[in-house]
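Everything on this sheet refers to the single structure shown next.
The values are calculated or read from the model by the stated rules, or taken from the named source; none is laboratory data. For clarity, every value in this text was computed on a predicted model and none was experimentally measured. Glycine gets a Cβ as well: all are built from the backbone with ideal geometry, and neighbour counts include every protein chain shown.
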Amino acid sequence: MRPTTSAVFNIFLQKGSKKWRFSQLLEATRPFLDEAALQIELQALEGGGWIEQDAKGRYALRLLGHTFSAEVQNWREQAYVILSPFGLRVLLGDLHKLRLLPGDKVEVEITALYPEEVIGRLVRRLQPSRRTFVGIVEEGRNRRLYVRPQQPFIEMDFQLPRDTPSSLIGKKVAIRFSDWGLKYPIAEVIQILGVPREHQTEIHAILYEFDLPEGFPEEVIAEAKSLPDTIPPQEIESRHDFRGIPTFTIDPEDAKDFDDALSLRPLPNGLLEVGIHIADVSYYVKEESALDREAAQRGTSVYLVDRTIPMLPERLSAHLCSLKPQEDRLAFSVVFQMDKQARIHSTWMGRTVIRSEHRFTYEEAQSILDSGKGPFAEALQQLHHLARLLHETRMKEGGIRFDTEEIRFELDEELQPIRIRVKERKDSHRLIEEFMLLANRHVACFLSQQRIPTVYRVHDVPKPDKLKALKLFLEGWGYTIDMRHPRALTHSLNLLADAIQGKPESHIIQSVAIRSMPKALYTPHNIGHYGLGFTHYTHFTSPIRRYPDLLVHRILGAVLANQPSPYPDLGRLETLCRHSSEREKIAEQAERASIRYKQLEYLSRMTGRALEGIIVGIESWGLYVELTESRAEGLVSLRSLPTDIYERDEYGHELRARYTRRRYRLGDSVVVKVVGIDFDRRLVDLELLQHEGEKIR
């Protein structure tokens, strides 16, 4: 199903079971859908049985009585399921009363539709939960041992078997449901993680929380070991040979795998040949092999603060497929002939053999760009010039300029955080980014012309309600956006990026703006990439760490060899895309959890110290403050503020004290101190010391 179809479906939820006239739907979806496009989406929903039209031509959801199977999820004690393919949350009720657990597979019937809320009834349980829960073993008043899961958090005790040793009391463990007792679920301990608050314990807890594997199955390792160390001569002969052409990689200092390289050489016709060379993982990882099945299941590599959970075994990711300097490597390349104004005159795609001559870190490449001196200085300067022109063109065509902020931890020998650095994006990062975007875009355009099922990386236009919320949020900071049509929105977002550059609130506004956008995802249905301003886009440039890139390599390889596509079945490709999108989301959540834990660990050393921050959220229960140094977020509870009656404005822009007349606004600078940290729930309690330079007490 197209993402736009799903977006129109969600418009219906605004009125629950009430009916919509076509004119009302058109008004709700403007300016992002015109009359013809809306008609197509309504026909798709009606054809799928999701909506119906009455005799007067009015549309309504056709969900009441609909039954489906799904996996139970929870928010605290409330159980819900997700109706695919819309991501629709269907509420079931209290977990404990229904005797349900997150991970249970159930059959559900939709029984009620309200604006923004859908209610379902549990029909039957299909399969008990096999999820892993993490918590600390405690002893109850009846001397029985139990665990209350903290990751994910559930307000429900899991009893442990009577023969569980008391030596586990106080230890953090991973448990799995085994049966229901008279009142509580019974679980077995599957792994003793260790003493809470120790680094290895907490990182392993995150692995179990998000079901991330620690190693590879023996079958996969054996298959990786069986791959030859050398490239057969006949394979080299069948490829375009790029060895001898100036080629290099640019990666982070701590990178262990290098899956992309650039080459540059002047041509006799006055043009520049720019090669974007990507590790040819598809040569080594064949369809339906043990390596392929494991990579498909993982979907992506996961980057925690202290380790990588790779998609492929190290033999491939760090050796055979890694474009190491001074070693022959198989690649899949996109080669452009460009003039010095970055205009593309021709494009070639195909399998190659390359030999990287140098491995740059981003810092080394940046130093050469700044000084003009060093290895491949002229090539780097030329590529930088082309990348800058490509970026300017992309912005004119509708790309959005927001950058996400990354933080890095400096750990001591005991893996304790001693310093937090915000990763600075420099020209060397943008150089690589622009050429990777260029390759991804042209591969997507080429495969689209072949009219065969393929994988697109799509990004939908924002939903009107999300944009309205963003507009209100920005007004709280004194900024605004133009929502008349998509291009106007893009232009105003880029003006906003310029206006906030260098200001304390810059990364807060950028992160909120990015979160207001739909999530980019993988799908065989192309709708373009709104954030990049591209009509066609895919992921081709990181097959070592992303499974969709490997799929694209296989499809492109088949097309170029005039062979049938390995994925002619649209349904199968859609399933692979959906799974990859889900695994990407899990990876992001795990990465954030590991960062959050290290932030809390860092803050635990700062208890009682005055720390600078800014107000980033205002709720009826308090002020959310982001600390400037650590980028960690904490809560100043309303109860901890000076005695007064506090009133929050309806948009969450301001908190007013009725008697003292003090006003707390989004973006205000504050000084706070840490008064409490809940490591299990990853929460920070703060106390306000100063507001806009004025002492509070």
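When residue 312 is tested against (1) of a type in the set (A, V, I, L, M, F, W, C); (2) modelled with pLDDT under 95; (3) within 18 Å of residue 547 (Cα to Cα), exactly one condition is not met: (2). Here residue 67 passes the criteria (1) surrounded by 14 or more Cβ atoms within 10 Å (Cβ to Cβ); (2) under 29 Å from residue 122 (Cβ atoms) except the one numbered (1).
Strands (runs of 3 or more DSSP E) wholly in the stretch 183-271 with at least 2 residues that are under 30 Å from residue 162 (Cβ atoms) and not assigned by TED's automatic domain parsing to the domain that holds residue 352 - which ones?
On the way: elements: 185-194, 247-251, 260-266.
Fully inside the stretch 183-271 and qualifying: 185-194.
Of all the numbered requirements in (1) closer than 24 Å to residue 288 by Cα; (2) crowded, with 21+ Cβ neighbours inside 10 Å, residue 599 misses one, and that requirement is (1).
Taking the criterion of being part of a loop (DSSP other than H, G, I, E, B), basic (Lys, Arg) and free of Cβ contacts under 8 Å to residues at least 60 places away in the same chain, would at least one residue in the stretch 668-683 satisfy it? Talk me through it step by step, then tell me what you get.
If we filter the stretch 668-683 for residues that are part of a loop (DSSP other than H, G, I, E, B), which is where we start, we get 668, 679-682.
Still in the running and basic (Lys, Arg): 681-682.
Of the ones still in play, those that are also free of Cβ contacts under 8 Å to residues at least 60 places away in the same chain are none.
No, the stretch 668-683 has no match at all.
Scanning the stretch 655-666 for residues that are surrounded by 17 or more Cβ atoms within 10 Å (Cβ to Cβ) and not hydroxyl-bearing (Ser, Thr, Tyr) yields 655, 662, 665, 666.
Residue-by-condition table, conditions (1) under 30 Å from residue 414 (Cα atoms); (2) of a type outside the set (Phe, Trp, Tyr):
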{"position": "144", "(1), (2)": "no, yes"}
{"position": "151", "(1), (2)": "yes, yes"}
{"position": "180", "(1), (2)": "no, no"}
{"position": "201", "(1), (2)": "yes, yes"}
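Of the residues 533, 528, the single one that is outside the structural domain of residue 350 (by TED's automatic domain parsing), touching a Gly at 6+ places or on another chain (Cβ under 8 Å) and at positive phi is 533. Considering (1) assigned to a helix (DSSP H, G or I); (2) within 30 Å of residue 626 (Cβ to Cβ); (3) touching a Phe, Trp or Tyr at 6+ places or on another chain (Cβ under 8 Å), the lone condition that residue 387 does not fulfil carries the number (2).
Taken together, the residues in the stretch 58-90 that are at pLDDT below 90 and of a type in the set (Asp, Glu) amount to 1. Among the residues making up the stretch 166-179, those that are touching a Leu at 6+ places or on another chain (Cβ under 9 Å) and either farther than 28 Å from residue 97 by Cα or surrounded by fewer than 19 Cβ atoms within 10 Å (Cβ to Cβ) (or both) are 166, 168, 169, 171.
In the stretch 296-324, how many are basic (Lys, Arg) and touching a Pro at 6+ places or on another chain (Cβ under 8 Å)?
Step one: list which residues in the stretch 296-324 are basic (Lys, Arg), which gives 298, 307, 315, 324.
This time we only want the ones that are touching a Pro at 6+ places or on another chain (Cβ under 8 Å), so: 298.
Qualifying residue count for the region: 1.
Residue 381 meets the conditions (1) part of a helix (DSSP H, G or I); (2) touching a residue at least 40 places away in the same chain (Cβ under 8 Å) in every case but one. The failed one is (2).
Within the stretch 638-654, track down each residue that is of a type outside the set (D, E, K, R), exposed (fewer than 15 other Cβ atoms within 10 Å of the Cβ) and out of contact with any Ser or Thr (no Cβ under 8 Å at 6 or more places or on another chain).
Going residue by residue through the stretch 638-654, those that are of a type outside the set (D, E, K, R) are 638, 640-643, 645-646, 651-653.
Adding the requirement that they be exposed (fewer than 15 other Cβ atoms within 10 Å of the Cβ) leaves 642-643, 645, 651.
Within the stretch 638-654, 643, 645, 651 qualify.
The set of residues in the stretch 109-166 that are under 15 Å from residue 184 (Cα atoms) and among the polar types (S, T, N, Q) comprises 129, 142, 159. Taking the numbered list (1) in contact with a Gly (Cβ under 9 Å, 6 or more places away or on another chain); (2) farther than 30 Å from residue 273 by Cα; (3) not in a loop (DSSP other than H, G, I, E, B) in turn, residue 421 passes all entries but (1). When 552, 559, 625 are checked against the criterion of being surrounded by fewer than 23 Cβ atoms within 10 Å (Cβ to Cβ) and of a type in the set (A, V, I, L, M), 559 stands alone in meeting it. Each residue in the stretch 418-445 was checked for being over 29 Å from residue 553 (Cα atoms) and among the β-branched types (Val, Ile, Thr), and 3 pass.
Considering the stretch 459-551, the qualifying helices (runs of 4 or more DSSP H), each wholly inside and each with 1 or more residues that are within 22 Å of the chain's Cα centre (by Cα) and of a type in the set (Val, Ile, Thr), run over 486-500, 506-515.
As a summary of the residue check, residue 153 satisfies the conditions (1) surrounded by 15 or more Cβ atoms within 10 Å (Cβ to Cβ); (2) not assigned by TED's automatic domain parsing to the domain that holds residue 195 except for the one numbered (2).
Yes/no per residue for (1) over 29 Å from residue 480 (Cβ atoms); (2) β-branched (Val, Ile, Thr); (3) over 30 Å from the mean Cα position of the chain (by Cα):
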{"position": "610", "(1), (2), (3)": "yes, no, yes"}
{"position": "615", "(1), (2), (3)": "no, yes, no"}
{"position": "627", "(1), (2), (3)": "no, no, no"}
{"position": "647", "(1), (2), (3)": "no, no, yes"}
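What about residue 49, is it assigned to a loop (DSSP other than H, G, I, E, B) and closer than 25 Å to residue 570 by Cβ? So residue 49 fits the description; yes.
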